[in-house]
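No value in this document is a laboratory result; all are computed from the given coordinates. Quick caveat, the model's predicted, so the values are computed rather than measured. We place every Cβ from the backbone using ideal geometry, glycine too, and count neighbours over all the protein chains shown.
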Amino acid sequence: MQQHHSTTSAETGEIKLHLLDYWRVIRVRLPLIILVFLLVVITAGVSTYLTPRQYMSSVTMQVKEDNNNMQIFSGQNGPRYDPRFSTTQFQIIQRKEILYPVIDAMKLMQKWDLRARDVAYMKLRSMLTISEVRNTDLIQISVLDKDRQEAADLANTIALEYQKKRIDEQQSWVARSLVQLEDEVQKQRRKVEELRDSMTKIRVEGKIYDLNPESVEDPRQAEEAILQNVESQVNDSRIRVATLKSKQQQIQAMTDEQITRSLKTFEMDDATITQILPLYEACVSEEAHMLNSGLGPNHPNVQSLQAKKRVYAQQLSDQIAILRKSLAANLEISEKSLEAMEQKLGDARTHQMDAKSKALHYQEAKNEYLKAKRILESAESRYSTEAMQRTMPQSPAAIWEKAEVSDFPAKPRVAQNMIIAVAVGLALGVGLAFLIEYLDTSVKTMQDIEAALGVPVLAVIPRDVAILKDAPPDCPDAEGYRIMRTNIEFNRKSPDANTLTVVSGGVGEGKSTTLNNLAFTFAKGGYRTLIVDADLRRPSQHRFFGVSNERGLTDFLTNDIPLEPLLIQTDVENLTFLPSGRLPIDAAGILNSQRMIDLIQQVRGTFDMVFFDSPPILGVSDASVIASSVDLTLVVVQHRRFPRAMLQRVKQGLTNVGARIVGCVLNNTDIRHDEYYEYYTSYYQYYSPMQSTNRKPSAEDAVDNKEKGKKVNPARETRGDY
């Protein structure tokens, strides 16, 4: 199976998350996500509920640019659009020149109980919002207030004050501009009179004939029109002569038959040829038909048809000769006409040059006069327009919709606040979950254990397993320990290596429960099994069997008494128990003694498997003493409890005393949250009373198969690709 879960680099400790790991993290941290989500949503709801209700009223106005820059002599450029106009008006509306009169008109200082007008101005400005209606000249002036009636009155008063200021400003500007415009018109009128007198003087002295001195028409335009007409006629004649010459040259080089076929190409349609040519072609076709049908050339019908064909051919030849003569005559006429037109063109050009030299100075004076006259007319028209506009009502700012009292509060926005709270709560909860997951360095996967300890994981034990000796025979919890038993059998060097201790790095990782259930599983498999409770400081095995802990291992180690009276035969077949006994006051080094070595040697030969329960290896020396004396050491690691760095310390502690680590057990996995471990505990769905007869082969079957000589791969029983 391809790895889809988080992998840990042994060198860098970097955690790489894949797609399925994100879902796993969310499931593991779901209570935290729900808690953060509820806290954010409840906080937002309470804040929204406690926030005072505020009402908004808005005025809709149409604001236009003045465009009254009175450019007297460049009015033809049209109005100019200023992209900053709306933004500028937004700032003007919020200035003191607009809001101070509003404060005085509505007596806001008395109403709000304020002594300084600046304070009232700042408060009013904070209540004011101005926005633009997109793609229009409309703007909205909105006021947010706890008093709904006051909000509407403020919005209307601000709009009226702004409208009044705009109208007063425009009228004042127009009045000043009209005075300046009138002065400019008088100056331009005097200039026009001077230019007209100069033009008249030049026309009289030069004896220039101008039918309309007040028009832009040039006196030389008539001569130029004549010259252009003659030039056009000469060009047409030249083209005609060139065309006729080309046709004549081509026709001279062509036969009569070629000319007949090319009449349409030369645009020389002839009615006679058009009428005779089909008759001639019909005779040729009929003659060929007769000859092909077997008639000889001397047949009367053939001779008659040939005579008719010769007549048509002669008529066509005569008509083509007429066409040749006609084309030559037309070319001669066109050449003579061209000579006459070229002579006329030369005369017209000479006359035009004389008229041009005389009227050039006059035309310049006339153009200056007419230009000044047009400017004067434009200025006079502008002056009249501005004078009339001054008397008309001005509307640079029109109110289209007055503010009304709002029935519903604008703030707080309950729906929006709750939607944002839901989004923020989910994002914050999920983000916090992933942050905690990133900071969490506890053991989460089998790869964490194998990278830190360098040994295989022999079994994965789910959370809340039962004590197997008290569980029913078909309890599915037993299958995990059968897998562990199988892997221990495959990983120990020889059957003589039958003493094993179960250790853990810290307290509460399930070490004693794992040992008890594993020993029970060996006993049920036919092994003579002994449990030695060597955890002298916190013994727990006697509670599993419900026996007294008054006498046991400590008595054997401190007193010269035999072992057999201290052993307790449990109600489980093949399972014997040696309690820890009472811990003496001078217990230091009690396990690190010759008596302990003698005990291990004695039980190794008496029992098939001997299990020593020991305290956690970190912080207590007893576990190291036991691990150095027994054949095998099994490490129990609780899922998601202690940091991964703790495994390195466990490995170092065991390596220092020469312990042989047979493998590791990942204990207390929560398959409800970490779905990956369902692959390692999938026997649960097959192990029930109704399915016990049809269940899949267990680890016990694998041991039997091994004893029968069949090759079994233990890795396939306990591990999968991750």
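Amide H to amide H distances under 5 Å link GLN54 with ALA410, LYS411, where only residues 5 or more positions off or on other chains count and H is placed in the peptide plane. Legend: ranking of residues ASP477, ASP347 from fewest to most surrounding C-beta atoms inside 10 Å; resulting order ASP347, ASP477.
Looking at VAL284, GLN228, LEU295, which one has the Cα that reaches farthest to the positive end of the dipole of the range 223-356 (charges on Cβ: Lys, Arg +1; Asp, Glu -1)? Selected residue: LEU295. Of the peptides 29-42, 155-168, the order by per-residue mean of other Cβ atoms within 10 Å, starting with the highest, comes out as 155-168, 29-42. Among the trypsin sites (Lys or Arg not before Pro) in the range 108-147, those located in a DSSP loop and surrounded by at most 16 other Cβ atoms within 10 Å of their own Cβ are ARG115, ARG134, LYS146. In terms of other Cβ atoms within 10 Å, ILE399, ILE333 run from fewest to most in the order ILE333, ILE399.
Just to be sure I understand: of the beta bridges DSSP finds with both ends in the range 540-670, what percent are antiparallel, rounded to 5? Bridges in the range 540-670 are about 25 percent antiparallel.
The order of the peptides 103-110, 496-503 by mean Cβ neighbours within 10 Å, most packed first, is 496-503, 103-110. Taking 19 Å as the cut-off for C-alpha to C-alpha distance, list the pairs among LYS493/LYS524; LYS469/LYS511; LYS123/LYS165; LYS64/LYS164; LYS247/LYS344 that go past it. Too far apart for the 19 Å limit: LYS493/LYS524; LYS123/LYS165; LYS247/LYS344.
Give the shape of the range 531-661 as rounded, prolate or oblate, defined through the alpha-carbon gyration tensor: a ≥ b ≥ c are the square roots of its eigenvalues, a/c under 1.5 means rounded, and otherwise the shape is prolate if a/b is larger than b/c and oblate if not. Prolate is the answer for the range 531-661, as a/c is 1.5 or above and a/b outweighs b/c.
With the convex hull of its Cα atoms as the shape, the range 223-356 has an orientation-averaged projected area of 10.0 nm². The GluC sites (Glu not before Pro) found in the range 489-568 that occupy coil by DSSP, while having at most 12 further C-beta atoms within 10 Å, are GLU550. In terms of packing, defined here as the mean over residues of other Cβ atoms within 10 angstrom, the peptides 529-537, 171-179 line up highest first as 529-537, 171-179. With neighbour counts taken as other beta-carbon atoms within 10 Å, the residues CYS664, CYS475, CYS283 rank, fewest first, as CYS475, CYS283, CYS664.
Backbone amide hydrogens, once placed in the peptide plane, bring ARG660 within less than 5 Å of THR633, excluding anything fewer than 5 places away on its chain. Annotation for VAL119 and ASP571: the two label points, set 7 Å from Cα along the Cα-Cβ direction, are 8.6 nm apart.
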